[in-house]
Structure formats: C-alpha cells, structure tokens
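To start, the structure itself, in structure tokens.
Values in this text are rule-based calculations from the coordinates and carry no lab data. All figures in this text were calculated on a predicted structure; none of them were measured in a lab. Cβ placement follows ideal geometry from the backbone for every residue including glycine, while neighbour counts extend to all protein chains displayed.
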Amino acid sequence: TLATAAAEALATRAPASAPEPRPTRPVPDLRAPAPVPPSTRHGSVPATAPAASPWSPKPAAPPPEPEAETAEALLMIRAMIAAARGDGRIDAEERKAIAAQLDGAGLTTAERDFVLADFDSPLTPAALAAEARDPMQAAQIYAAAFAAAGEISAEERAWLDQLGRALRLDRAALAAIESRLGG
C-alpha cells in the first residue's frame with residue numbers, strides 16, 4: 001500500500017529531467033608503441049604479468065546484494081519509528097503498527113535489534129532523506145512515516161513537513177500520499 005501510494009503521488013509530479021550521460025571509457029590508441037619494461041643488470045627483461053588486452057572479456061559485475069529488499073524494509077521501519085517519535089513519544093497504536101512491520105519484514109535478530117535501537121534515538125528528517133536513493137524511495141519513506149504517525153499531533157505535523165522538505169517532495173505529492181493513506 002505504501003509503495004502504491006508513493007507511485008501514484010509521483011505520477012502527478014512533473015516529468016524528471018533527462019538522466020545525465022554516463023562517461024565513456026577512453027579508446028586506447030593502438031598505433032602508439034607499447035611501453036618497454038626496464039632492463040635488468042644482465043640485459044634481460046624482468047618477468048611481469050601480461051598487459052590486459054582491450055579485447056579481453058571484462059570481469060562480470062558482482063551480483064546484486066540479496067539483502068536489498070531487507071535494507072529497504074529496514075529503512076521504511078526506521079522512518080516509521082522516527083515519525084512516531086516526532087511528538088516526543090511513541091503511543092500504543094504507533095508501537096503496534098511498527099511491531100507489525102517488524103514481524104513482516106523478515107529481519108534477522110541483529111537487524112531487529114538495530115531497528116529497536118531507533119526507539120531511543122530515531123533518525124532525523126535530514127538523515128532519512130540522505131538514505132533516499134531516488135524520488136520513488138523518497139515518496140515511500142514519506143508514506144511509511146505518515147502511516148506510522150497515526151493520529152497526527154501538531155508536533156508530528158511539523159516533523160512530517162520537515163521530512164517532506166528534506167525529501168524534496170512537492171506539496172502535491174505529499175497531499176496525494178496522505179490522501180491515499182487516509183489522511
């Protein structure tokens with residue numbers, strides 16, 4: 001539900017600018033002579049590893065981290081905790097919502113302990129925003145925080161507004177997320 005609300009909110013935004021072109025590797029000058037290794041005392045050439053050919057196959061990229069979904073779930077839970085603490089305390093309804101997310105996230109004991117430590121010192125809106133990799137994830141962070149806030153007090157409203165600014169989400173996107181989640 002959070003992802004759907006975030007996606008719909010971003011669909012109402014202005015289209016993103018074109019991605020920046022990726023730099024290309026320089027093409028080697030094949031006409032240039034190859035460097036000659038220095039000679040040793042007896043005029044022999046020291047043994048060195050052969051230079052890589054530009055036509056050699058490139059090593060395969062490392063596989064994506066299998067824990068990406070867990071890391072994203074962890075971030076959303078941390079956003080929920082931070083929002084719930086936006087008014088200085090976490091009430092029973094907020095704890096229940098966060099506990100349900102923890103139970104469904106498939107976290108290891110160490111990851112769960114890491115999240116529970118956030119109850120004592122939650123992330124700031126700026127720290128949460130720094131974790132967002134793209135506009136979609138920024139909207140998901142806001143949606144998770146809004147959902148966890150429950151009955152929104154004036155202090156939590158101020159905290160959510162600060163988070164929205166830190167995530168660089170426009171008012172229309174924030175309103176769409178809140179509307180979709182019942183706010």
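Given H placed on each backbone N at 1.01 Å, which residues far from L123 in sequence or on other chains put an amide H within less than 5 Å of it? Those lying under 5 Å, H to H, from L123 are A82.
The order of the peptides 118-131, 141-154 by mean Cβ neighbours within 10 Å, most packed first, is 141-154, 118-131.
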